[in-house]
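Student: Structure provided below as C-alpha cells; questions to follow.
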Amino acid sequence: MWTFLKKLYHQLASPPHFYRLSPTFILWLAVPGYLLILYGTIAGLVYAPVDIVQGERFRMIYVHVPAAYLSMMAYMIMAIAGGIGLIWRLKLAHAVAASAAPIGMAFTFLALATGSIWGASTWGTWWEWADPRLMSELVLLFLFIGYMALRGAIDDTTRADKASAVLAMVGAVNIPIIHYSVEWWTSLHQGSTLLKEGGSGMQDTAQLYPLLAVIFGFTFAFGAMLLRRARTEVLIRERRTRWVKELVLSNEGDL
Amino acid sequence: MKARHQRLLAVGLVVAGLAIASALTLRMFSENMMFFVEITDVRAGNYPADRNFRIGGLIEEGSMHREEGSLDISFVVTDLTCDVELVYTGVLPDMVVEGKGIVAHGRMDGDVFVADEVLAKHDENYVSPEIAETMTQHAESVAAGAAERGPECPH
C-alpha cells in the first residue's frame with residue numbers, strides 16, 4: 001500500500017505523468033460535479049420552498065455560499081501548494097498554485113457580487129465598509145489580484161514562483177479572519193447556517209439537500225477546472241523539454 | 001539537517017510568527033472591529049458620545065409605532081437584557097419587523113437613539129412555511145423568534 005502511494009506520488013509529481021494522467025481525474029471530477037450543480041440549481045432555484053422571512057430572495061444562498069466557501073478553499077490550495085513548492089522544490093506544486101489564483105479570484109468576485117445584491121434587497125444596503133466579514137472577503141479579492149499582478153511583474157518563472165508563494169502564505173492569515181469574523185466581532189453579516197452550533201440552521205431537507213448538492217458540485221467542478229488549468233500551465237512551463245517536443249511532433253496528444 | 005528541512009523550519013517559523021502577530025493586533029483593535037455596540041453596553045454608557053455609532057439588537061414585540069401622516073417611526077431595541085428606544089424618520093427595509101434583528105446608525109440623544117439609517121439583520125436560520133408550521137405546534141414563541149428575556153438590565 002505504502003509503496004503504491006509513493007509510486008503514485010512520484011508519478012503525479014512528474015510533469016509528463018501528470019499531463020498524461022490528469023484527463024482521467026478531470027473526467028471523474030467534472031461529471032459528478034456538473035450533475036450535482038444541475039440538480040442543486042434546479043432544485044434550489046425553482047423547487048425549494050421559500051423562507052418565511054426573506055421569501056424568494058433566500059435563493060441567493062445557492063450561489064453565494066458555494067462561491068464564498070470556494071474562494072477560501074482556492075486560496076488555501078494556492079498557499080499550501082506555494083509552500084510545498086518552496087520547501088520541496090516541486091515544480092508541479094507551483095503550477096497548481098498559479099492555476100488556482102484566477103479561479104479563486106472569480107469565486108471571490110461572485111461571492112461579493114451575489115452577497116451585495118442580496119444585501120441590497122434584504123439588509124437595505126449594497127455595502128457596509130465597517131462590517132468585518134465584508135471587509136475581510138474584499139481583502140481576499142485584493143490578495144488574489146496582488147498575487148496575479150506579482151506573478152505577471154516577474155519575467156523569470158522560478159523567481160515569480162518563489163515571490164508569489166511567499167505572498168500567498170503571508171495572506172493566508174486572512175482565511176481564519178474571514179471565517180471567524182462573524183463570531184469574534186459584531187457584524188451585519190449573519191453567522192454560518194450549516195456550521196452553526198447545535199445543528200444546521202436550515203431544517204427543511206427540500207431547502208438543505210440542494211444547498212449541499214451545489215456545495216459539493218462546485219467543489220468537484222473547481223477541482224476539474226484547477227487540473228485543467230494546471231495541465232496547460234505545465235505544458236507552457238515545460239515547453240523546452242523533450243517530452244513536450246515529442247508530444248507535439250507525434251501529434252498524438254490532445255492539445 | 002538537510003536543506004529542505006531548513007526551508008520547512010523557516011517557512012513554519014514565519015507562518016507561526018505572522019499568525020501570532022496578527023492575533024495580537026486583532027485583539028488590540030478588537031473594539032474597532034465591532035460593527036455595532038450591544039444594547040447592554042449602550043445602557044452602561046460605553047459608547048462614543050461625540051460621534052455617530054451603530055447599535056444592534058432585536059425589535060421588541062409590540063413596540064413599533066408609526067406616526068400617522070408622517071414617516072416618523074419609533075420602536076424599542078433589545079438584547080433581551082437591556083432596552084433602548086429608537087426613533088427614525090424614513091422608509092424601513094421590509095425585513096425590519098417586530099421580533100427580528102436590526103442594526104441602526106445614529107447617536108444617543110438623552111435616553112433615545114436617533115437613527116439616520118436602519119438595516120435589517122437576518123439571522124442564520126432559514127425556515128420554510130412547512131417547518132414554521134411544525135414549530136408553531138411545538139412552541140409558538142420559537143417560530144416568532146421571541147426568545148426568552150435574560151436577567152434584569154443592571155442600568
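The values are calculated or read from the model by the stated rules, or taken from the named source; none is laboratory data. Worth saying up front: this structure is predicted, and the values here are computed from it rather than measured. Note that we place each Cβ from the backbone using ideal geometry, even for glycine, and neighbour counts take in every protein chain shown. Remember, those area values only see protein heavy atoms, side chains included, never the ligands or the DNA or RNA. Shrake-Rupley method; radii C 1.70, N 1.55, O 1.52, S 1.80 Å.
Student: Return the equivalent ellipsoid semi-axes of the range B:38-144 as a descending list in whole Å, where each equals the square root of 5 times an eigenvalue of the C-alpha gyration tensor. Write out the running numbers ahead of the final one.
Tutor: Numbers: eigenvalues 145, 54, 28 Å².
One finds semi-axes of 27, 16, 12 Å for the range B:38-144.
Student: Still on this structure: Counting only C-alpha contacts under 8 Å and six or more residues apart, can you give the relative contact order of chain A as a whole percent? Please report the intermediate quantities before stating the final value.
Tutor: Details: 287 pairs, mean separation 82.7, N = 255.
Contact order relative to length: 32 percent.
Student: With an 8 Å Cα cut-off and a minimum separation of 6 or more residues, compute the relative contact order for the range B:38-144 in percent.
Tutor: Numbers: 191 pairs, mean separation 24.8, N = 107.
In percent, rounded to a whole number, it is 23.
Student: If you don't mind, another one. Using the reciprocal of the averaged 1/r over all distinct C-alpha pairs, how large is the Kirkwood radius of chain A in Å?
Tutor: Hydrodynamic radius (Kirkwood, Cα only) of chain A equals 20.0 Å.
Student: Let me ask something else about it. Which residue fluctuates the most in chain B, going by a Gaussian network model with Cα springs under 10 Å, if the choices are B:Y47, B:Y126, B:Y88?
Tutor: Answer for the Gaussian network model of chain B: B:Y126.
Student: Amide H to amide H under 5 Å from A:D51: which residues, 5+ apart in sequence or cross-chain, H placed 1.01 Å off N in plane?
Tutor: Answer set, sorted by chain and number: A:F58.
Student: Follow-up. How are the Cα pair distances of the range A:14-120 distributed, in percent, across 10 Å bins from 0?
Tutor: The percentages, shortest bin first, are 13, 31, 32, 16, 7, 1.
Student: Which is farthest toward the positive dipole end of chain A among A:A74, A:T3, A:I61, measuring Cα position about the Cα centre, with Cβ charges +1 (Lys, Arg) and -1 (Asp, Glu)?
Tutor: Farthest towards the positive pole: A:T3.
Student: Can you give the average number of partner chain beta-carbon atoms within 10 Å of each beta-carbon in peptide A:200-213, as a whole number? The partial results should precede the final answer.
Tutor: Values: counts 3, 5, 6, 8, 8, 2, 3, 5, 2, 0, 0, 1, 0, 0.
Average per residue, whole number: 3.
Student: Related question: Round to the nearest 0.05 the FRET efficiency obtained for B:A3 and A:T232 when R0 = 51 Å and r is the Cβ-Cβ distance.
Tutor: Details: r = 31 Å, r/R0 = 0.61.
After rounding to 0.05, the efficiency reads 0.95.
Student: So with the 1.4 Å probe, I'd like the accessible area per residue for the range B:38-144, rounded to whole Å².
Tutor: On the way: 5460 Å² over 107 residues.
Value returned for the range B:38-144: 51 Å² of accessible area per residue.
Student: Could I get the Rg over Rh figure for the range A:129-255? Both from C-alpha atoms, Rh via Kirkwood, rounded to two places. Before the final figure, lay out each step's value.
Tutor: Values: Rg = 20.8 Å, Rh = 18.6 Å.
Rounded to two decimals, Rg/Rh equals 1.12.
Student: Kindly report, to the nearest 10 Å², the accessible surface of B:D50 as traced by a 1.4 Å probe over protein heavy atoms only.
Tutor: Accessible surface of B:D50 is approximately 130 Å².
Student: Place a +1 charge on the Cβ of each Lys and Arg in the protein assembly as shown and a -1 charge on the Cβ of each Asp and Glu, then give the dipole magnitude about the Cα centre in debye, rounded to the nearest 20. Don't jump to the answer; show the numbers that get you there.
Tutor: Numbers: 32 positive and 41 negative charges, 827 e Å.
Around 3980 debye, computed over the protein assembly as shown.
Student: Out of A:D131, A:D51, A:D156, any idea which swings most in a Gaussian network model of chain A, alpha carbons joined below 10 Å?
Tutor: A:D156
Student: Can you spot the lysines whose alpha carbon is less than 24 Å from B:K121's alpha carbon? Ignore those fewer than 8 places along the same chain.
Tutor: B:K121 reaches A:K196, B:K100.
Student: Largest first, what is the accessible-area ranking of A:L5, A:L138, B:L58 with a 1.4 Å probe?
Tutor: If we order A:L5, A:L138, B:L58 from most to least accessible, we get A:L5, B:L58, A:L138.
Student: Provide the solvent-accessible area of B:S70, counting protein heavy atoms only and rolling a 1.4 Å probe, rounded to the nearest 10 Å².
Tutor: We get 50 Å² for B:S70.
Student: Give me the aspartates and glutamates in straight-line cross-link reach of A:K245: C-alpha distance below 20 Å, same-chain residues under 8 apart excluded.
Tutor: A:E233, A:D254
Student: I'd like the distance separating the alpha-carbon centroids of the range A:56-123 and the range A:169-207, in whole Å.
Tutor: 15 Å
Student: How would B:C153, B:C82 line up by accessible area, probe 1.4 Å, largest first?
Tutor: Result, largest first: B:C153, B:C82.
Student: Per residue of A:175-187, how many C-beta atoms from partner chains lie within 10 Å of its own C-beta, taken as a mean?
Tutor: Values: counts 0, 3, 4, 0, 0, 1, 3, 2, 0, 5, 8, 11, 7.
Taking the mean over all residues of the peptide, I get 3.
Student: In addition: Which whole-Hz ³J(HN,Hα) couplings does the range B:82-87 yield from phi under the Karplus relation 6.51 cos²θ - 1.76 cosθ + 1.60, θ = phi - 60°, glycine and proline marked x?
Tutor: Computed from phi, the couplings for the range B:82-87 are 10, 10, 9, 8, 10, 10 Hz.
Student: Highest GNM mean-square fluctuation, chain B, Cα pairs closer than 10 Å: which of B:V42, B:V91, B:V77?
Tutor: Result: B:V91 has the largest fluctuation of those listed.
Student: Moving on to the next point. So which GluC sites (Glu not before Pro) in the range A:109-210 are both in a DSSP loop and have at most 13 other Cβ atoms within 10 Å of their Cβ?
Tutor: On the way: sites: A:E128, A:E137, A:E183, A:E197; in loops: A:E128, A:E197.
Within the range A:109-210, the qualifying GluC sites (Glu not before Pro) (loop, at most 13 other Cβ atoms within 10 Å) are A:E197.
Student: Oh, and also: Structure shown: which of A:K6/A:K91; A:K6/A:K162; A:K7/A:K91 lie over 20 Å apart, alpha-carbon to alpha-carbon? Walk me through the numbers before you get to the answer.
Tutor: Numbers: A:K6/A:K91 17 Å; A:K6/A:K162 26 Å; A:K7/A:K91 17 Å.
Among A:K6/A:K91; A:K6/A:K162; A:K7/A:K91, the Cα-Cα distance tops 20 Å for A:K6/A:K162.
Student: Would you list B:I131, B:I73, A:I145 from the most to the least accessible area, probe 1.4 Å?
Tutor: Details: B:I131 30, B:I73 10, A:I145 80 Å².
Output order, biggest surface exposure first: A:I145, B:I131, B:I73.
Student: Oh, and also: Whole Å is fine, so just give me how far the alpha carbon centre of the range A:129-167 lies from that of the range A:28-42.
Tutor: Going from one Cα centre to the other spans 30 Å.
Student: Let me ask another. Per DSSP helix of 4 or more residues, -39500 (n - 2.57); summed, then divided by the residues of the protein assembly as shown. What does that give at 222 nm, rounded to the nearest 500? Don't jump to the answer; show the numbers that get you there.
Tutor: Working: 14 runs with 240 residues, N = 410.
Value at 222 nm, helices only, nearest 500: -19500 deg cm²/dmol.
Student: Now for a separate question. Quick one: what are the phi-derived ³J(HN,Hα) couplings along the range B:96-105, Karplus 6.51/-1.76/1.60 with θ = phi - 60°, whole Hz, x for glycine and proline?
Tutor: Working through the residues one at a time gives 7, 9, 4, x, 10, x, 9, 10, 10, 10 Hz.
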